[in-house]
Amino acid sequence: MQTGARYARVLAHGGLLHFGLGGAARADVVRVRWPTSAFQSVVEPEAGALELREPADLMGSCPYLYAWDGTRFAFLGDVMGQVPIGIPVAPGVLVNADPTEPFLIPGDRVVAMDGRLRLVLKEEFREVTYVDALRFEAVDRPATHALSADGRCKAPPFPERELYASPGVRPPRAARDLVGRDVLALVLERDDRAVGGQAGPGTQGVVAPHALELDLGPLTPGDRPILYLDGWVYWGGANTNAALFQDPARPADWPRVEVPDGRGGWRTIIADMGIPAGTTTRTIPVPLEGLVDPRDPRIRIVTSLQAYWDRAQVGLDGGVGSAAVVRRPVSVVRAELAFRGLSTRVRSGGDGHGPADWDYHRLTPPLEARWGQVAGGHTPYGDVRAALTAADGQMVTLDAGDELALEVDVGGLPPPLPGLQRDWLLSTVGWDKDTNMHTAGNESVGPLPYLGMPGHAHRADAPSTAQSWSRSRPPAALMVDLRLRALGGR
Ligand SMILES: [Ca+2]
Ligand SMILES: [Ca+2]
C-alpha cells in the first residue's frame, strides 16, 4: 500500500488487514502479489474497506509467436508449449519435458516483406523462456494434402516424427460425446465451436471427464489412418497439480484413445495421446496405424483435462518423405532481443477459456501489468543470432515483456510449383519455466536447463546443475550477465 511518501508491505494470509493512511483520504495504490505471482493493482481506492479476490485467469502459458501479415504482427499461438520445466507431476517428481518442438506456420498467415519473413517470439507472463536453437524451413505440398506438425505435449516417449501429411482428408462419419449426444456438427469445421470440458468452479485446467467418440469411416486392412485433431487447452499448472496431489479423488486424466472392446465397452489403445500445446487452436496428428479395426472403425478420446476439440479429420499417412512434400531450409538473418512490455489479450474465447487472441501492438500500461520479472542472470539485449544457430547450451533467455525479433531470408527461394502450397516450419530447442510458487526454481532464472538433463536435474536443490553447465562451456558462450530490471513499480 502506498500513499504519498508512505509505504507499507505485509505478508497476508487472508482476513482483514489494516493500513493507516495518516491524513490522506485514499491510498495512491494497493498492490497485491498473489501466490501465483500475478500482480493486482487498485489505483486510488477510497479509505475504508477494500475487498480483494484473486482473479481466476490463466497464470502462465508459454512464449507467444507473432508474425507480420502485411499490416501488423498477428498472434499465431503458443510455441514451446511442450517444454515446461520445474512443474511437479507427483509429489517430489518434476515433469520430464521434451525440449524440441516443431510448429507449423500456415503460409497465409505471414507475408514476406523485402524477401524476409518477420516474426516475434514474446514472453507475456512471468516466466523465463530459454531458447537454445531455432530454425526455419519452407514446406511445399500439394494443395490437396493435409499437413500437420507433431507438437503434442505429452509424457515420454516423446514424438519423434515432425511432420505428417495425407493426400486428402475427410470428416469422421459420426461423432458423439461421453453420453452419446451427436456432436458431429461441432467437429466438422475449425470455427471455435468445440467439444470439450465444461469449465466450472474448481481446479484450473481440470474438469469433469469428457469424451469425443469418432467413427473414422471406411478403412481397409493395411491402411495407416491418421486423425488430425484441431483444438486447444486451458492450462492447469503447478498450482493445479499441487491441489490434485492433496485430492486423489480428482484425477487429472490426460487424453487416452480407446476402441470398442467387442463386449459393449472400451479398451485403451493409446494411454497418453498428448494435447495440442497451446491456448489457441492448432492441429495435432494422432497416428492410428494398426490400432483401429476396419470392421468397427470407432475410437474414443477421453480426458479430464480442460481440452477442446474443434475439428476432426481423417487421412491416410502419405506424402512426407516422398517427392510430394518438399522441405527447404531458410536462414534466420536477424535475431534481436529487446524489452517491449506486455501485450494485451483481446479475446479469451467463448467461455473465457480460449481460443485466445492477443494484440501485439497494444501494450498493457505498467500499472496494470500483472507480471514482474524474474531475478537472475539474463541474456543481454541486442543481437543474439549467434546463440540460436545450434543446440549447444548457448541460450537466449526471455523474461516477462521481452521479445525476440526474427527475420528469415526467403528471398532466394523459388516460388512453389503450380499446384503446391507453401507453409513454414519453425523448429525450436529450448524450455520454459513459470514462476508459480509450486514450480521448482520459480524465483530465479537459474539453474539453467541443458540438453540431456534428466527430468529432475533443474531442481533448485539438484547438485550443481548450473555449475556443470557453465563448466562445460567456454566463458564466451555465456550469453548472460547480471541484469535486473524493474517492471511497473516492482
Ligand atoms: Ca544455442
Ligand atoms: Ca468446430
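Just so it is clear, none of the values below were taken in a lab; they were calculated from the coordinates. The model shown is predicted, which means the values in this text are computed figures rather than measured ones. Cβ: placed from backbone, ideal geometry, glycine included. Neighbour counts: every protein chain shown.
Given H placed 1.01 Å from N in the peptide plane, which residues other than close sequence neighbours of HIS145 have an amide H under 5 Å from its amide H?
For HIS145, the qualifying residues are GLY168.
Between rounded, prolate and oblate, where does the range 232-329 land on the alpha carbon gyration tensor, with a ≥ b ≥ c its root eigenvalues, rounded for a/c under 1.5, else prolate if a/b exceeds b/c?
oblate
What number, in percent, do you get for the relative contact order of the chain if the mean sequence gap of Cα pairs under 8 Å and at least 6 apart is divided by its residue count?
For the chain, the relative contact order is 24 percent.
Which three extents, in angstrom, do the Cα atoms of the chain have along their principal axes, listed largest first?
81, 55, 47
Go through ALA405, PRO218, PRO366 and say which Cα lies farthest out towards the positive end of the charge dipole of the chain; charges sit on Cβ, +1 for Lys and Arg, -1 for Asp and Glu.
PRO366
What is the calculated FRET efficiency for VAL10 to VAL346, with r their C-beta to C-beta distance and R₀ = 30 Å, to the nearest 0.05?
With a Förster radius of 30 Å, E is 0.30.
If you stretched the chain out fully between ASP182 and THR71, how much longer would it get, using 0.36 nm times the residue separation minus the C-alpha to C-alpha distance?
35.9 nm
Using the basic label-point model (7 angstrom from Cα toward the beta carbon), what is the ALA112 to ARG362 distance in nanometres?
Placing both labels 7 Å along Cα→Cβ, they lie 3.3 nm apart.
Set Lys and Arg Cβ to +1 and Asp and Glu Cβ to -1, take the dipole of the range 1-55 about its Cα centre, and tell me which of LEU52, ALA5, VAL29 lies farthest positive.
Going by the charge dipole, the pick is ALA5.
Return the distance in nm (one decimal) between the two label points of a simple spin-label model at THR220 and SER41, each offset 7 Å from Cα along Cα→Cβ.
6.6
Suppose the chain between LEU291 and ALA271 were pulled fully straight at 0.36 nm per residue; how much longer would it get relative to their current alpha carbon spacing?
Working: separation 20, 0.36 × 20 = 7.20 nm, distance 1.24 nm.
Between LEU291 and ALA271, full extension yields 6.0 nm more.
I'd like the Kirkwood hydrodynamic radius of the range 63-217, using the inverse of the mean 1/r over distinct C-alpha pairs, in Å.
Result for the range 63-217 stands at 19.0 Å.
To the nearest 20 debye, what charge dipole does the range 1-55 have about its Cα centre, counting +1 at the Cβ of each Lys and Arg and -1 at the Cβ of each Asp and Glu?
Using Cβ point charges on Lys, Arg, Asp and Glu, the range 1-55 gives about 180 debye.
If R₀ is 30 angstrom, what is the calculated FRET efficiency for the pair ARG53 and PHE19, using the beta carbon separation as r and rounding to 0.05? Show your work: numbers first, answer last.
Numbers: r = 18 Å, r/R0 = 0.60.
For R0 = 30 Å, the calculated efficiency reads 0.95.
What's the ranking of 61-67, 160-166, 388-394, 41-47 by average number of surrounding C-beta atoms within 10 Å, highest first?
Sorting 61-67, 160-166, 388-394, 41-47 by mean packing, highest first, produces 61-67, 160-166, 388-394, 41-47.
If you take the square roots of the eigenvalues of the alpha-carbon gyration tensor of the range 1-109 and sort them as a ≥ b ≥ c, do you get rounded (a/c under 1.5), prolate (a/b over b/c) or oblate?
Details: a/c = 4.14, a/b = 1.82, b/c = 2.28.
Oblate, because a/c is 1.5 or more while a/b does not exceed b/c.
Give the shape of the range 88-157 as rounded, prolate or oblate, defined through the alpha-carbon gyration tensor: a ≥ b ≥ c are the square roots of its eigenvalues, a/c under 1.5 means rounded, and otherwise the shape is prolate if a/b is larger than b/c and oblate if not. Kindly include the intermediate steps, with their values, before the conclusion.
Numbers: a/c = 3.06, a/b = 1.63, b/c = 1.87.
The shape class here is oblate.
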